[in-house]
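Student: Could you have a look at this structure, given as structure tokens, before my questions?
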Amino acid sequence: MRSLSATLEAELAALAATDRLRACPEMAGTSRVDVVVGQHPRISFCSNDYLGLASHRALPSAAAAAAARDGFGASASRLVSGDLPAHRQLEVHLATFLGCQAALVFPTGYQANLGVLTALAGSEDLIVSDALNHASIIDGCRLSRARVAIYRHADASAAARLLAGPGRFRRRLLVTESLFSMDGDIAPLGALAEAATATDAILIVDEAHAFGTLGPGGRGLCAAAGVVPDVLVATLGKALGAAGGFIAGDRALRDILVNLSRTFIYTTALPPPVAAAADAALDLAAGPEGDRRRGLLHQHRVWLDDQLEALGVGGPAWATATGPTDPTSRSTSPIRGPIVPILIGGNARALAVSAGLAARGIFAPAIRPPTVPAGSARLRITLSAAHDAADLKALVAALGEALE
Ligand SMILES: Cc1ncc(COP(=O)(O)O)c(C=O)c1O
């Protein structure tokens, strides 16, 4: 019999043969923009630290105060003895900021998606889900044991048809990201909300990448579209520069998740210093400093779009990833977020372009299947308020050469 190692090595070799082998780059550096990869200084264009708050001094100082008060680890699940002041304070802050009744914090955004989908849906239910939804949504759908129907990316009429289709279900749920993580485009939230209302479906919107970065005061794209989802999911680890995830909605939603959500119940609570750091980051993101940083981020995006157009690269990755779609069912929103996909296609070419950028001081790893559909490997350029004009110029110069 072959040893486990031999079997796994054969699997790794198969991944390498199709340019899908992955390894964690060894990162260091004082900010998420000026990084050291291995031994090499680089400008990073791949973190989700959109507002540049991950290295803001307010976060460690709030964390230190919380650690002194609440201890470092929560030491138990929230339902046992891990429900500490830092968690409750953060949840009140999030709910107030978003103008809803309640919020519930999870150790990660991944767990928030898993927890909400498995708590609200079961084998007698239907979940209608966008084709490009994040892995945590896909896994939540699978774990729920509900019937899952996938609609063509960002196609609200297709979602409406699936929701209104035959079948006797206890509940119908519609789940989408607002700003798509790998494509940077925006869901047609108004039309999706209409489809949900028309079929009495529960609308779940994952604002992981829009929370803090887009919408009025950084409240996200639902707020921008005037849509109130039944469940808003987001993360504390991207624009807020901390870690953790949360859901926001009505009090009854929070209470049912506390009772049914296995990824909330059967896990140690978020460390209180992390909750306090997220709370401090929310203070910044919700105030004038947040507005200033969102303004910078927007300026960066506008400037980069012009440069990429001149280079003849960029454009929405979904166009190739999912084939031609009905343009009338798409969002035509002028909102420009911090995620800029540069579609390459093949894995080997994407790796080569990424290596070309690295040789020119830019860190932007190739994003390959299974994170994105086969044949749509890409660079996922992400912008941060911590970038400056020189960083962006260096990116464009390096792209011009690496893409030749
Ligand atoms: C759309 C989306 N939802 C959820 C998550 C998970 O969030 P977290 O990193 O907090 O687990 C991510 C993170 O990659 C994401 O992109």
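The values are calculated or read from the model by the stated rules, or taken from the named source; none is laboratory data. Keep in mind that this is a model prediction, so the values were computed, not measured. Don't worry about glycine lacking a Cβ; one is built from the backbone with ideal geometry, like all the others, and counts go over all protein chains shown. Ligands, DNA and RNA are stripped out before the accessible areas are found, and what is left, the full protein with its side chains, is counted by its heavy atoms. Shrake-Rupley method; radii C 1.70, N 1.55, O 1.52, S 1.80 Å.
Student: Please work out which one of (1) more than 16 Å from the ligand (Cβ to nearest atom); (2) surrounded by fewer than 24 Cβ atoms within 10 Å (Cβ to Cβ) is the condition Thr267 fails and give its number.
Tutor: (1) is the only condition that Thr267 fails.
Student: If you go through the stretch 107-116 one residue at a time, how many are in contact with a Leu (Cβ under 7 Å, 6 or more places away or on another chain) and either in a loop (DSSP other than H, G, I, E, B) or more than 10 Å from the ligand (Cβ to nearest atom) (or both)?
Tutor: Just the residues of the stretch 107-116 that are in contact with a Leu (Cβ under 7 Å, 6 or more places away or on another chain), to begin with: 107, 114-116.
Going one step further and asking which of them are either in a loop (DSSP other than H, G, I, E, B) or more than 10 Å from the ligand (Cβ to nearest atom) (or both), we end up with 107, 115-116.
Going through the stretch 107-116 one residue at a time, the tally reaches 3.
Student: For the stretch 287-378, which fully contained helices (runs of 4 or more DSSP H) count at least 2 residues that are at pLDDT 85 or above and not assigned by TED's automatic domain parsing to the domain that holds His153? Give the steps one after another, and end with the answer.
Tutor: Numbers: elements: 288-311, 318-321, 347-359.
Ranges flagged: 288-311, 347-359.
Student: Could you please let me know if Leu253 is surrounded by fewer than 24 Cβ atoms within 10 Å (Cβ to Cβ) and either over 28 Å from Val372 (Cβ atoms) or within 14 Å of the chain's Cα centre (by Cα) (or both)?
Tutor: Working: surrounded by fewer than 24 Cβ atoms within 10 Å (Cβ to Cβ): yes; either over 28 Å from Val372 (Cβ atoms) or within 14 Å of the chain's Cα centre (by Cα) (or both): yes.
Answer is yes for this residue.
Student: If you don't mind, there's one more thing I want to ask. Select the helices (runs of 4 or more DSSP H) contained entirely in the stretch 150-225, then report the ones holding at least 1 residues which are closer than 24 Å to Ala135 by Cα and of a type in the set (Ser, Thr, Tyr). Talk me through it step by step, then tell me what you get.
Tutor: On the way: elements: 156-164, 189-198, 221-225.
Here the list reads 156-164.
Student: Looking at Ser144, Ser136, which one is under 15 Å from Gly109 (Cα atoms), in the same structural domain as Pro229 (by TED's automatic domain parsing) and in contact with a helix residue (DSSP H, G or I) (Cβ under 7 Å, 6 or more places away or on another chain)? Let's see the steps before the verdict.
Tutor: Working: Ser144 fails: under 15 Å from Gly109 (Cα atoms).
Of the residues listed, the single one that is under 15 Å from Gly109 (Cα atoms), in the same structural domain as Pro229 (by TED's automatic domain parsing) and in contact with a helix residue (DSSP H, G or I) (Cβ under 7 Å, 6 or more places away or on another chain) is Ser136.
Student: Then there's this: Quickly run through the stretch 139-155 and pick out the residues that are open to solvent by less than 10 Å² (accessible area, probe 1.4 Å) and over 16 Å from Asp206 (Cβ atoms).
Tutor: Asp155
Student: Further, regarding this structure: Filter the stretch 376-393 down to the residues that are in contact with a strand residue (DSSP E or B) (Cβ under 6 Å, 6 or more places away or on another chain) and either among the β-branched types (Val, Ile, Thr) or surrounded by fewer than 17 Cβ atoms within 10 Å (Cβ to Cβ) (or both) and list them by number.
Tutor: Answer for the stretch 376-393, where residues must be in contact with a strand residue (DSSP E or B) (Cβ under 6 Å, 6 or more places away or on another chain) and either among the β-branched types (Val, Ile, Thr) or surrounded by fewer than 17 Cβ atoms within 10 Å (Cβ to Cβ) (or both): Ile381, Thr382.
Student: Sticking with this structure for a sec: Quick one: which of Ala14, Ala28, Ala23, Ala54 is open to solvent by 70 Å² or more (accessible area, probe 1.4 Å) and out of contact with any helix residue (DSSP H, G or I) (no Cβ under 7 Å at 6 or more places or on another chain)?
Tutor: Numbers: Ala14 fails: open to solvent by 70 Å² or more (accessible area, probe 1.4 Å); Ala28 fails: open to solvent by 70 Å² or more (accessible area, probe 1.4 Å); Ala54 fails: open to solvent by 70 Å² or more (accessible area, probe 1.4 Å).
Exactly one residue qualifies, and that residue is Ala23.
Student: If you don't mind, there's one more thing I want to ask. Going through the stretch 186-198 one residue at a time, which ones are open to solvent by less than 20 Å² (accessible area, probe 1.4 Å) and either on the phi > 0 side of the Ramachandran plot or within 16 Å of the ligand (Cβ to nearest atom) (or both)?
Tutor: The answer is Ala187, Leu189, Leu192.
Student: Just to be sure I understand, how many residues within the stretch 206-251 are more than 13 Å from the ligand (Cβ to nearest atom) and either of a type in the set (D, E, K, R) or farther than 24 Å from Gly190 by Cα (or both)?
Tutor: The number of residues fulfilling the criteria is 4.
Student: Quick check on the stretch 31-51. Is at least one of its residues assigned to a helix (DSSP H, G or I) and open to solvent by less than 60 Å² (accessible area, probe 1.4 Å)? Even if it seems obvious, please write down each step before you answer.
Tutor: Filtering the stretch 31-51 down to residues assigned to a helix (DSSP H, G or I) leaves none.
No, every residue in the stretch 31-51 fails to be assigned to a helix (DSSP H, G or I) and open to solvent by less than 60 Å² (accessible area, probe 1.4 Å).
Student: Also: Yes or no: Ile256 of a type in the set (Val, Ile, Thr), modelled with pLDDT of 95 or more, in contact with a strand residue (DSSP E or B) (Cβ under 6 Å, 6 or more places away or on another chain) and not in a loop (DSSP other than H, G, I, E, B)?
Tutor: On the way: of a type in the set (Val, Ile, Thr): yes; modelled with pLDDT of 95 or more: yes; in contact with a strand residue (DSSP E or B) (Cβ under 6 Å, 6 or more places away or on another chain): no; not in a loop (DSSP other than H, G, I, E, B): yes.
No; evaluated as a whole, the condition is false for this residue.
Student: Is it the case, given these coordinates, that Glu26 is in contact (Cβ under 8 Å) with a residue 24 or more places away in the chain and not polar (S, T, N, Q)? Walk me through it before giving the result.
Tutor: Details: in contact (Cβ under 8 Å) with a residue 24 or more places away in the chain: no; not polar (S, T, N, Q): yes.
No.
Student: Pick from Arg88, Arg161, Arg142: which is within 16 Å of the ligand (Cβ to nearest atom), without any contact (Cβ under 8 Å) to a residue 60 or more places away in the chain and of a type outside the set (A, V, I, L, M, F, W, C)?
Tutor: Arg142
Student: Could you tell me which numbered condition Gly237 fails, if it satisfies all but one of (1) in contact with a helix residue (DSSP H, G or I) (Cβ under 6 Å, 6 or more places away or on another chain); (2) under 16 Å from Ala112 (Cα atoms)?
Tutor: Result: Gly237 fails condition (1) only.
Student: Of the residues Ala23, Ala63, which is outside any strand (DSSP E or B), small (Gly, Ala, Ser) and modelled with pLDDT of 95 or more? Step through it out loud before you land on a result.
Tutor: Working: Ala23 fails: modelled with pLDDT of 95 or more.
The match here is Ala63.
Student: Can you tell which of Ala280, Ala275 is more than 30 Å from Ala374 (Cβ to Cβ), within 16 Å of the ligand (Cβ to nearest atom) and more than 18 Å from the chain's Cα centre (by Cα)? Steps first, please.
Tutor: Working: Ala280 fails: within 16 Å of the ligand (Cβ to nearest atom).
None of the others qualify; the one that does is Ala275.
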